[in-house]
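Laboratory data are not the source of any read-out in this text; all were calculated from the coordinates shown. Please read these numbers as outputs of a predicted model, since none were measured by experiment. Every residue, glycine as well, gets a Cβ built from its backbone with ideal geometry; the counts of neighbours run over all protein chains shown.
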Amino acid sequence: MNKKKNVIALFLIPMLMFGFGYLMVPIYNVFCDLTGLNGKTGSISTVEASQLETDQSRMIKVEFMATLNQNVPLEFGPEVKSMMVYPGKPYKTTFSAHNEMDRAMVGQAIPSVSPARAANYFNKTECFCFTQQKFDAGERRDMPLVFVVDPGLPKNIETVTLSYTFFDVSDTVATQVN
């Protein structure tokens, strides 16, 4: 009887671990939605953005922030700290980055919007965060961001903050190539 329990436990435990691992992303997304952490932005095509009707009855302050993940040897920041925008109208700005190392690196910027309720209304048509960025040693680059705030943004939201965290993914890319 004891062997039967052990066999069942040895079968069930890995299955439960696999199920938990499989559900981590949806659980994390629900956690972020409930707590307002890691507000993910939307992305729409340039054509979709051009079809939005501009709401000139109000302006939204969009703030830009940039942070580096631990020990990323990069200068990284927005061209401007904030902009006043009309919902429905596309805007362009840039973030600059400078690889301070004497070797190439690959980076990935991860966006976050706050308040989290605004994330679904902040849409990017062009963004350096869509792809990994390869920097040669000492390279400096301006990276474009084209965005539009959806006119459906709730009226009580007057400020939206777009924050990017830049990660060094050079080791991950090298591992995938090998």
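Points worth noting:
- Amide H to amide H, with H built 1.01 Å from N, VAL160 comes under 5 Å of LYS61, VAL62, GLU63, counting only residues 5 or more places away or on other chains.
- Magnitude of the charge dipole, the range 39-177, Cβ model with Lys/Arg +1 and Asp/Glu -1, debye to 20: 400
- The range 116-178 and the range 61-83: distance between their alpha carbon centers, rounded to Å: 10
- Protection proxy ranking, peptides 60-67, 112-119, average beta carbon neighbours within 10 Å, highest first: 112-119, 60-67
- Segment ALA9-ARG141, extension gain: residue separation times 0.36 nm, minus the distance between their alpha carbons: 42.0 nm
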